[in-house]
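The values are calculated or read from the model by the stated rules, or taken from the named source; none is laboratory data. Predicted, not measured: the structure shown is a model, and the values here were computed from it. With ideal geometry, Cβ positions are generated from the backbone for all residues, glycine too; neighbour counts draw on all protein chains shown.
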Amino acid sequence: MKKQNINPSDITGTVLNIQRYCSHDGPGIRTTVFLKGCSLRCKWCSNPESIRMKPELSYDPKKCTGRKCGLCLKSPFPEGAFYFVEGDDEHVKVNWDLAMDCDETHASLCPTGALEMFGKTMTVNEVLDEVEKDSSFYRNTGGGMTISGGEVMLQPDFAAALLKGAHDRGINTAVETACNVPWANIEKVLPHVDTMLHDHKLTIPERHKKWTGADNKRIKENFKKAYEMFPDTTFIARTPLIPGVNADEEHIRAVLAFIRPHKNVIDYELLPYHRFGLGKYQSLGVVYELDDYKTPSDDLVKKLQAIIDEAFGRK
Amino acid sequence: MNIDRRRIAINVGAGYVPGINAVIMGAVLAAGRLGWEVVGIRNGFEGLLSRDHSPDGGLVDLSPKLIENLDPSAGGVLGQSARIDPFHVRTINKDDMVEEVDLSDDLLKTLQDEMIDGLISVVGGQGLSILYKLHRKGLNAVCIPRSIENDIAATMVSFGFNSALSFTIEMLDRARQAAQSARKIAVVEVQGEQAGWIALQAGIAVCADAVLIPEIPVDLKNVAARLKDKISARRPYGLVVVAQGAQFINKAKNEEAVSSLKASLSPLATGSSNSEHVILSSGQAAQTVATELQLLIAEETYPLVIGPWVRGGAPTAVDRQLGLGYGAGAVRALNAGKNGVMVAFVPPDMKFVPLAEAINKVRTVSTDSLFVKIAQSLGIFLGREL
């Protein structure tokens with residue numbers, strides 16, 4: 001079959017959200033484009049709505065008028081997907097096992113917006129037109145566009161077209177990635193990236209698998225290849241810091257040993273675990289697996305940060 | 001299908017409750033009397049979805065010989081999986097990436113290939129919905145309700161509840177003795193995210209000072225006022241039982257401290273952890289009640305959590321009988337040609353309730369229930385005057 005030539009600006013991808021005025025996802029003020037779909041299942045994930053590749057239903061009981069409406073208990077909504085419990089509770093309850101098949105059509109029928117879809121299909125141009133609105137901020141602060149996820153590299157053609165398109169419009173680019181994808185995906189994306197923020201979640205492969213669903217052998221190979229094959233790209237390593245999982249000196253030192261030989265890895269950031277994502281799990285009917293973990297103390301974070309500062313000669 | 005010689009399977013959903021072996025025994029003995037063959041699926045559906053994980057291909061022959069030696073007071077012989085959902089099975093794909101795949105068709109085909117013409121599934125509330133979905137795809141399924149909280153509405157008693165209740169009562173007795181000795185108020189969190197049956201019935205059994213359940217939202221100032229009245233120099237201790245899912249009115253905001261070095265993993269994650277969507281974690285309710293009461297009254301309080309301890313151990317006499325009865329009842333359902341039903345204990349009978357009617361219904365405590373009236377008669381405070 002003859003291969004169709006698609007204009008890069010018409011390539012489509014599944015976008016979760018476009019967030020403006022971000023200050024933690026690369027240099028300067030940035031617009032972060034969150035893509036849907038992830039190849040890991042980190043138990044601490046604060047963005048569960050980004051995990052599944054397809055757009056999915058979410059439910060916000062605060063917007064629901066409950067028994068006054070009750071539209072979602074009738075056709076065309078799946079039988080048994082929504083229900084009321086006996087008693088004073090006015091809110092609709094969701095049977096997520098039966099509501100999984102709901103789509104945009106169903107969500108659009110909800111008059112209050114309590115049901116909505118996380119994620120929509122967008123073209124490269126649609127995203128870039130949105131991103132370009134804040135060009136003056138990027139120029140003044142050294143910012144630009146960051147693509148995050150989910151896992152950016154799961155939509156390599158879309159991500160590459162977005163990044164290239166941003167460069168064509170004079171916008172600085174960054175990606176946030178865990179790199180648990182075949183190298184071919186990364187190879188498509190990286191030529192258009194100015195800064196790559198990448199996660200070193202755990203050091204030992206078995207423990208990486210336990211907490212994220214996959215081991216880190218390929219991830220480390222990908223990182224190493226990326227550092228070596230893209231010497232002009234800036235890399236910033238990161239660790240989501242979870243007490244009892246990876247918030248220890250040994251992990252920090254192991255990551256430093258891995259990244260320090262590579263001069264294009266310019267920094268190593270710690271991201272202390274928080275529980276802000278909890279509510280989103282309930283909106284999606286997803287089980288939160290990291291129930292009883294605490295945020296790391298400031299003292300612990302400072303102690304680990306001091307090790308990093310010393311390694312980067314910032315003391 | 002030859003109705004005289006059938007091959008049926010039995011499996012157990014996520015979440016251990018005491019009495020599972022009794023259910024298996026009940027089903028196997030009843031099926032044996034009909035001349036049927038029974039096999040057990042290991043670890044929920046995992047045995048059939050990952051057949052190479054066990055040397056017997058994930059199926060255990062539940063022969064009369066095995067059952068003879070099965071201890072009804074011991075744990076489940078078939079094992080369990082963390083979840084029982086064949087529609088979303090977490091797997092590593094050919095590119096070494098984690099994803100969830102729908103293996104329901106593979107499961108149904110495997111059951112067909114194994115000549116299994118009926119499945120007895122021991123499940124909780126969520127498992128009922130999944131079995132309902134499988135039934136709609138053609139599976140001949142009969143469910144047995146198991147619930148620590150006794151929150152499945154279509155049955156009067158799920159098996160597992162009585163064992164959890166008995167253990168909770170024993171622990172509350174100990175907590176009260178410890179509180180008496182320490183001259184403090186023990187705040188004990190017990191199971192019950194949606195339904196307060198364990199808290200209420202156990203609280204009655206030990207004559208607790210207050211019982212806080214999800215069905216009756218509570219202002220802790222009222223609880224504090226009641227405790228002030230009850231606690232004296234002659235009785236310088238107290239016992240408050242709180243269900244895990246208790247709802248609080250006018251609770252002081254307990255903002256979670258966030259490290260100042262970096263506020264979040266991602267800019268999108270800026271929601272409040274104190275929204276009404278907060279997922280209940282073990283110990284949260286006891287901590288809230290103990291902390292707030294201590295601020296409101298002069299007495300010292302301390303939180304205790306029974307938590308998952310209730311899930312282990314041997315079943316009580318009631319649960320052994322229920323388990324055997326439910327197992328035998330499921331075979332009776334299959335023998336009567338019932339399909340897509342849940343066995344329900346509706347005294348004095350065992351009934352077969354269609355799964356479509358069993359799902360999405362939670363058995364909660366109503367304010368006019370007999371147990372609420374008993375608690376009021378005993379002077380147990382339920383968070384507000386009813």
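So which of B:Ile148, B:Ile130, B:Ile198 ends up being β-branched (Val, Ile, Thr) and within 14 Å of chain A (Cβ to nearest Cβ)?
Values: B:Ile148 fails: within 14 Å of chain A (Cβ to nearest Cβ); B:Ile198 fails: within 14 Å of chain A (Cβ to nearest Cβ).
From the options B:Ile148, B:Ile130, B:Ile198, the qualifying one is B:Ile130.
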Check: Out of curiosity, is B:Leu111 buried (at least 16 other Cβ atoms within 10 Å of the Cβ), under 23 Å from A:Lys210 (Cβ atoms) and at pLDDT 95 or above?
Finding: no
Notebook entry, point to check: For residues in the stretch B:323-343 being touching a Phe, Trp or Tyr at 6+ places or on another chain (Cβ under 7 Å) and in a strand (DSSP E or B), which is nearest to the other protein chains (Cβ to nearest Cβ)?
Noted result: B:Val341
Note to self: Quick check on the stretch B:136-154: of everything there that is assigned to a loop (DSSP other than H, G, I, E, B) and over 14 Å from the mean Cα position of the chain (by Cα), which residue is surrounded by the most Cβ atoms within 10 Å (Cβ to Cβ)?
What the structure shows: B:Ala154
Notebook entry, point to check: Hey, among the residues in the stretch A:23-38 that are out of contact with any strand residue (DSSP E or B) (no Cβ under 6 Å at 6 or more places or on another chain) and of a type in the set (Gly, Ala, Ser), which one's surrounded by the fewest Cβ atoms within 10 Å (Cβ to Cβ)?
Noted result: A:Ser23
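Suppose the filter is in contact (Cβ under 8 Å) with a residue 24 or more places away in the chain and not in a loop (DSSP other than H, G, I, E, B); does B:Ile116 pass it?
Details: in contact (Cβ under 8 Å) with a residue 24 or more places away in the chain: yes; not in a loop (DSSP other than H, G, I, E, B): no.
Here the answer is no, as B:Ile116 does not meet what is asked.
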Note to self: Being buried (at least 20 other Cβ atoms within 10 Å of the Cβ) and more than 21 Å from the chain's Cα centre (by Cα) is the filter here; which residues of the stretch A:204-232 pass it?
What the structure shows: A:Tyr227
Notebook entry, point to check: Restricted to the stretch A:43-56, and to residues that are more than 10 Å from chain B (Cβ to nearest Cβ) and assigned to a loop (DSSP other than H, G, I, E, B), which residue is surrounded by the fewest Cβ atoms within 10 Å (Cβ to Cβ)?
Noted result: A:Lys54
Note to self: It is to be established whether one or more residues within the stretch A:127-143 are closer than 30 Å to A:Thr173 by Cβ, surrounded by 24 or more Cβ atoms within 10 Å (Cβ to Cβ) and not hydrophobic (A, V, I, L, M, F, W, C).
What the structure shows: yes
Check: Quick one: is A:Lys220 under 21 Å from A:Val189 (Cα atoms), touching a residue at least 24 places away in the same chain (Cβ under 8 Å), assigned to a helix (DSSP H, G or I) and more than 14 Å from chain B (Cβ to nearest Cβ)?
Finding: no
Next item on the list: State whether the residues of the stretch B:302-310 include one that is part of a helix (DSSP H, G or I), more than 14 Å from every other protein chain (Cβ to nearest Cβ) and modelled with pLDDT of 50 or more.
Entry: yes
Note to self: Out of everything in the stretch B:311-322 that is under 14 Å from the mean Cα position of the chain (by Cα) and not in a loop (DSSP other than H, G, I, E, B), what residue ends up being farthest from B:Pro72 (Cα to Cα)?
What the structure shows: B:Arg311
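Condition test on B:Ser121, is it in a strand (DSSP E or B) and crowded, with 21+ Cβ neighbours inside 10 Å? It would help to see each step written out before you state the result.
Details: in a strand (DSSP E or B): yes; crowded, with 21+ Cβ neighbours inside 10 Å: yes.
Taking the combined requirement at face value, the residue satisfies it.
Would you check if there is a residue in the stretch A:143-154 being in the same structural domain as A:Lys36 (by TED's automatic domain parsing), touching a Pro at 6+ places or on another chain (Cβ under 8 Å) and not hydrophobic (A, V, I, L, M, F, W, C)? Walk me through how you get there before you give the answer.
As a first pass, look at the stretch A:143-154 and keep what is in the same structural domain as A:Lys36 (by TED's automatic domain parsing): A:143-154.
Still in the list and also touching a Pro at 6+ places or on another chain (Cβ under 8 Å): A:143-144.
Imposing the further condition that a residue be not hydrophobic (A, V, I, L, M, F, W, C) reduces the set to A:143-144.
Scanning the stretch A:143-154 turns up at least one residue that is in the same structural domain as A:Lys36 (by TED's automatic domain parsing), touching a Pro at 6+ places or on another chain (Cβ under 8 Å) and not hydrophobic (A, V, I, L, M, F, W, C).
Yes/no per residue for (1) at positive phi; (2) at the interface with chain B (Cβ under 10 Å from one of its Cβ atoms); (3) modelled with pLDDT of 90 or more; (4) part of a strand (DSSP E or B):
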position	(1), (2), (3), (4)
A:Thr32	no, yes, yes, yes
A:Arg41	no, yes, yes, no
A:Ser58	no, no, no, yes
A:Asp88	no, yes, no, no
A:His91	no, yes, no, no
A:Asp97	no, yes, no, no
Check: With respect to A:Asp199, is the statement that it is within 21 Å of A:Pro27 (Cβ to Cβ), touching a residue at least 12 places away in the same chain (Cβ under 8 Å) and buried (at least 22 other Cβ atoms within 10 Å of the Cβ) true?
Finding: yes
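Identify the residue in the stretch A:99-109 that is among the small types (Gly, Ala, Ser) and either surrounded by 13 or more Cβ atoms within 10 Å (Cβ to Cβ) or on the phi > 0 side of the Ramachandran plot (or both) and, among all such residues, is farthest from the other protein chains (Cβ to nearest Cβ).
First, the residues of the stretch A:99-109 that are among the small types (Gly, Ala, Ser): A:99, A:107-108.
Restricting the remaining residues to those that are either surrounded by 13 or more Cβ atoms within 10 Å (Cβ to Cβ) or on the phi > 0 side of the Ramachandran plot (or both) gives A:99, A:107.
Numbers: A:Ala99: 10, A:Ala107: 18 Å.
Applying the filter and picking the extreme gives A:Ala107.
Suppose we filter the stretch B:84-107 for residues that are of a type outside the set (A, V, I, L, M) and not in a loop (DSSP other than H, G, I, E, B); how many remain? Please lay out each step first, then the result.
To start, the set of residues in the stretch B:84-107 that are of a type outside the set (A, V, I, L, M) comprises B:85-88, B:90-91, B:93-96, B:99-100, B:102, B:104-106.
Among the residues that remain, those that are also not in a loop (DSSP other than H, G, I, E, B) are: B:90-91, B:99-100, B:104-106.
So the answer is 7.
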Next item on the list: Considering each residue of the stretch A:19-60, count those that are among the acidic types (Asp, Glu) and within 13 Å of A:Thr177 (Cα to Cα), and give that number.
Entry: 1
Notebook entry, point to check: Which members of the stretch A:2-30 meet the condition of being free of Cβ contacts under 8 Å to residues at least 40 places away in the same chain and more than 7 Å from chain B (Cβ to nearest Cβ)?
Noted result: A:Lys2, A:Lys3, A:Gln4, A:Asn5, A:Ile6, A:Asn7, A:Ser23
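Considering A:Arg67, A:Arg20, which residue is in a helix (DSSP H, G or I) and either surrounded by fewer than 16 Cβ atoms within 10 Å (Cβ to Cβ) or among the basic types (Lys, Arg) (or both)?
On the way: A:Arg20 fails: in a helix (DSSP H, G or I).
Answer to the selection: A:Arg67.
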Next item on the list: Would you confirm whether any residue within the stretch A:197-209 is assigned by TED's automatic domain parsing to the domain that holds A:Ala237, in a helix (DSSP H, G or I) and β-branched (Val, Ile, Thr)?
Entry: no
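Kindly establish whether B:Lys184 is out of contact with any strand residue (DSSP E or B) (no Cβ under 7 Å at 6 or more places or on another chain) and under 18 Å from B:Glu292 (Cα atoms). Full working, then the answer.
Numbers: out of contact with any strand residue (DSSP E or B) (no Cβ under 7 Å at 6 or more places or on another chain): no; under 18 Å from B:Glu292 (Cα atoms): yes.
It is false that B:Lys184 is out of contact with any strand residue (DSSP E or B) (no Cβ under 7 Å at 6 or more places or on another chain) and under 18 Å from B:Glu292 (Cα atoms).
Might you let me know whether the stretch A:69-76 holds any residue that is in contact with a His (Cβ under 6 Å, 6 or more places away or on another chain) and of a type outside the set (A, V, I, L, M, F, W, C)?
First, the residues of the stretch A:69-76 that are in contact with a His (Cβ under 6 Å, 6 or more places away or on another chain): none.
The answer is no, given that none of the residues of the stretch A:69-76 is in contact with a His (Cβ under 6 Å, 6 or more places away or on another chain) and of a type outside the set (A, V, I, L, M, F, W, C).
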Margin query: Any residue at all in the stretch B:160-177 that's touching a Leu at 6+ places or on another chain (Cβ under 6 Å), aliphatic (A, V, I, L, M) and part of a helix (DSSP H, G or I)?
Written below: yes
Check: Checking A:Leu154 against (1) hydrophobic (A, V, I, L, M, F, W, C); (2) away from chain B (no Cβ under 12 Å); (3) within 30 Å of A:Asn7 (Cα to Cα), which test does it fail?
Finding: (2)
Next item on the list: Return the total of residues in the stretch B:211-249 being under 23 Å from the mean Cα position of the chain (by Cα), crowded, with 24+ Cβ neighbours inside 10 Å and of a type in the set (A, V, I, L, M).
Entry: 8
